[in-house]
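Okay, structure first, notes after.
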Amino acid sequence: MEVIINSDARVASERAARVVARLVREKPDAVLGLATGSTPLMLYEELIRLHAQEGLDFSRVTSFNLDEYVGLDSDHKWSYNHFMWDKFFSRININPDNVNIPDGMVTDIPAYCDAYERQIAQSGGVDLQILGIGADGHIGFNEPTSSFASRTRIKTLTRRTVADNACFFDDDEAIVPRHCITMGIGTIMESRTILLLAFGENKADAIAATVEGPVAAMVPASILQHHADAKIILDESASARLQLAAYYRWVYEGKPEWQQDA
Ligand code: GLP
């Protein structure tokens, strides 16, 4: 794991955007794994800026989103599908045929999830997966005790995640869906590179457990310790409980310039 501590969320997001942009420039038909939530918003804004001002070209990029709520139509204002089009896809030149987001309205969920896995494989696999993290350490919607071998499937949210995500549902926990479709942890771990972003003190415990705790199903993100190319991009407050924070800074400051956006 490479832990990169930044002065604030904007600097962190710009750094993450440079990693995405470099991949897309080097491999124009790259496959991106994308996340929702408040954390990647500034990253998407920066990629939109790079598209508008520097011509960053997404026309051949394929995307796979991590997850979607079961029971929300793709047009629903609270669906992740709507979120992605509103916040990102409508403002870059991605080909809509290349956008893949789980469909929360399908009737045969297991068959649909198997097909989603096949689509990822047929695309050549995810080159770069963007992740946020839940306050309980979840990635995608893989809640604590999710199997590290899990594939795309239906999951039930924890009460804490329902409460945390109520801010996207007019602050009304009662209308947050209880079920979701999410890529599995096994699916996520097959991505060639992973960028996990975490901002704010609300994430500090989850980040400390992820980076420095034991690998345990109670902290799903801790499996990233077993990934060969996982970068953990933090702001100061999300890094506040890391024992080796000074070491991570020292490592980063000592990197040769050519490695600094990697
Ligand atoms: C949801 C999403 C996750 C996201 C998490 C954190 O549970 N399914 O992908 O990482 O929320 O959200 P936020 O970035 O808003 O803190």
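The values are calculated or read from the model by the stated rules, or taken from the named source; none is laboratory data. On a predicted model such as this, the values are computed, not experimentally measured, just so you know. Cβ coordinates were reconstructed from backbone atoms using ideal geometry, including for glycine residues, and neighbour counts include every protein chain displayed. Side chains included, ligands, DNA and RNA excluded: accessible areas come from the protein's heavy atoms. Shrake-Rupley method; radii C 1.70, N 1.55, O 1.52, S 1.80 Å.
For this structure, a couple of remarks:
- When residues in segment 33-45 are screened for being surrounded by fewer than 22 Cβ atoms within 10 Å (Cβ to Cβ) and either more than 16 Å from the chain's Cα centre (by Cα) or aliphatic (A, V, I, L, M) (or both), 2 of them pass.
- Taking the criterion of being without any contact (Cβ under 8 Å) to a residue 12 or more places away in the chain and of a type in the set (G, A, S), the only residue of segment 231-251 that qualifies is A246.
To keep it simple, each residue is scored yes or no on (1) more than 16 Å from the ligand (Cβ to nearest atom); (2) surrounded by fewer than 18 Cβ atoms within 10 Å (Cβ to Cβ).
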site	(1), (2)
D8	no, yes
S13	no, no
R22	yes, yes
V31	yes, no
L47	yes, no
Y69	no, no
W78	no, yes
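- Going through (1) modelled with pLDDT of 95 or more; (2) open to solvent by less than 60 Å² (accessible area, probe 1.4 Å); (3) within 18 Å of the chain's Cα centre (by Cα) one by one, T161 falls short only on (1).
- Residue check, K203 of a type in the set (D, E, K, R) and away from the ligand (no atom under 12 Å from the Cβ): no
- Filter result for G124 (within 14 Å of V219 (Cα to Cα) and more than 10 Å from the ligand (Cβ to nearest atom)): no
- Selection of first residues in segment 90-111 that are closer than 17 Å to G140 by Cα and of second residues that are open to solvent by 60 Å² or more (accessible area, probe 1.4 Å) and not aliphatic (A, V, I, L, M), restricted to Cβ pairs under 8 Å at least 6 apart or on distinct chains, gives the following pairs, ordered by first then second residue: N100/Q119; G104/D73.
- Number of residues in segment 49-67 that are open to solvent by less than 10 Å² (accessible area, probe 1.4 Å), in contact (Cβ under 8 Å) with a residue 60 or more places away in the chain and in contact with a helix residue (DSSP H, G or I) (Cβ under 6 Å, 6 or more places away or on another chain) equals 1.
- Cβ separations smaller than 6 Å between residues 6+ apart or across chains give the following pairs from segment 168-179 residues that are within 14 Å of Y69 (Cβ to Cβ) to residues that are β-branched (V, I, T) and in a helix (DSSP H, G or I): F169/I175; E173/V162; V176/V162.
- Taking segment 140-158 as the range and being of a type outside the set (D, E), in a loop (DSSP other than H, G, I, E, B), closer than 22 Å to L195 by Cβ and near the ligand (Cβ under 10 Å from one of its atoms) as the test, the residues that pass are G140, F141.
- Of all the criteria given as (1) more than 30 Å from Y112 (Cα to Cα); (2) in a helix (DSSP H, G or I); (3) of a type in the set (A, V, I, L, M, F, W, C), the one not satisfied by L242 is (2).
- Filter pass, D171 being at pLDDT below 95 and outside any helix (DSSP H, G or I): yes
- Condition met for G137 (open to solvent by less than 40 Å² (accessible area, probe 1.4 Å), away from the ligand (no atom under 13 Å from the Cβ) and either among the small types (G, A, S) or assigned to a strand (DSSP E or B) (or both)): no
- With respect to the conditions (1) outside any strand (DSSP E or B); (2) within 16 Å of the ligand (Cβ to nearest atom); (3) in contact with a helix residue (DSSP H, G or I) (Cβ under 9 Å, 6 or more places away or on another chain), V106 lacks only one, and its number is (2).
- Residues located in segment 176-205, provided they are assigned to a strand (DSSP E or B), closer than 19 Å to D229 by Cβ and open to solvent by less than 10 Å² (accessible area, probe 1.4 Å): I194, L195, L196, L197, A198
- Some residue of segment 91-100 being of a type outside the set (A, V, I, L, M), at pLDDT 95 or above, within 16 Å of the ligand (Cβ to nearest atom) and farther than 26 Å from Q225 by Cα: yes
- Filter result (acidic (D, E), at pLDDT below 95 and under 20 Å from L41 (Cα atoms)) within segment 54-90: D75
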